[in-house]
Amino acid sequence: MEPFSIDGLTVRPILGTGFGAEIEGVDWTRVPLSEKDIQNLVSLQNRFGVLIFRNTGLDNDRHVKFAAQLGELEMNPT
């Protein structure tokens with residue numbers, strides 16, 4: 001599969017099987033993300049199963065806030 005764009009995000013599928021994609025273009029300084037960004041990411045996750053985000057710069061607090069936007073969290077407190 002060839003890379004493609006959706007609403008400013010660049011999607012690079014990583015395997016010819018359609019499983020997994022690297023995503024660029026998310027503005028991680030703006031966590032929580034917009035509802036449109038979350039909808040796009042959920043749609044891409046449903047399509048590819050695994051999304052890879054490189055060099056996000058997220059600290060623990062912003063990472064948890066982002067994850068919470070995706071649904072109920074199941075976290076190990078340790």
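The values are calculated or read from the model by the stated rules, or taken from the named source; none is laboratory data. Please read all numbers here as calculations on a predicted model, not as lab measurements. All Cβ positions, glycine included, derive from the backbone under ideal geometry; neighbour counts span all protein chains shown.
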Which numbered condition trips up Arg47, out of (1) loosely packed, with under 13 Cβ neighbours inside 10 Å; (2) touching a residue at least 12 places away in the same chain (Cβ under 8 Å); (3) out of contact with any helix residue (DSSP H, G or I) (no Cβ under 9 Å at 6 or more places or on another chain)? (1)
Contacts under 7 angstrom Cβ, first residue in region 62-78 being closer than 16 Å to Asp27 by Cα and polar (S, T, N, Q), partner modelled with pLDDT of 60 or more and surrounded by 10 or more Cβ atoms within 10 Å (Cβ to Cβ), 6 or more apart: Gln69/Pro32; Gln69/Leu33; Gln69/Ile38
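Only one of these is part of a loop (DSSP other than H, G, I, E, B) and modelled with pLDDT of 95 or more: Val26, Val11. Name it. Spell out the reasoning first.
On the way: Val11 fails: part of a loop (DSSP other than H, G, I, E, B).
Testing whether each residue is part of a loop (DSSP other than H, G, I, E, B) and modelled with pLDDT of 95 or more leaves just Val26.
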Tell me, which residue of region 12-44 that is among the β-branched types (Val, Ile, Thr) and over 19 Å from Leu70 (Cα atoms) is surrounded by the fewest Cβ atoms within 10 Å (Cβ to Cβ)? Thr17
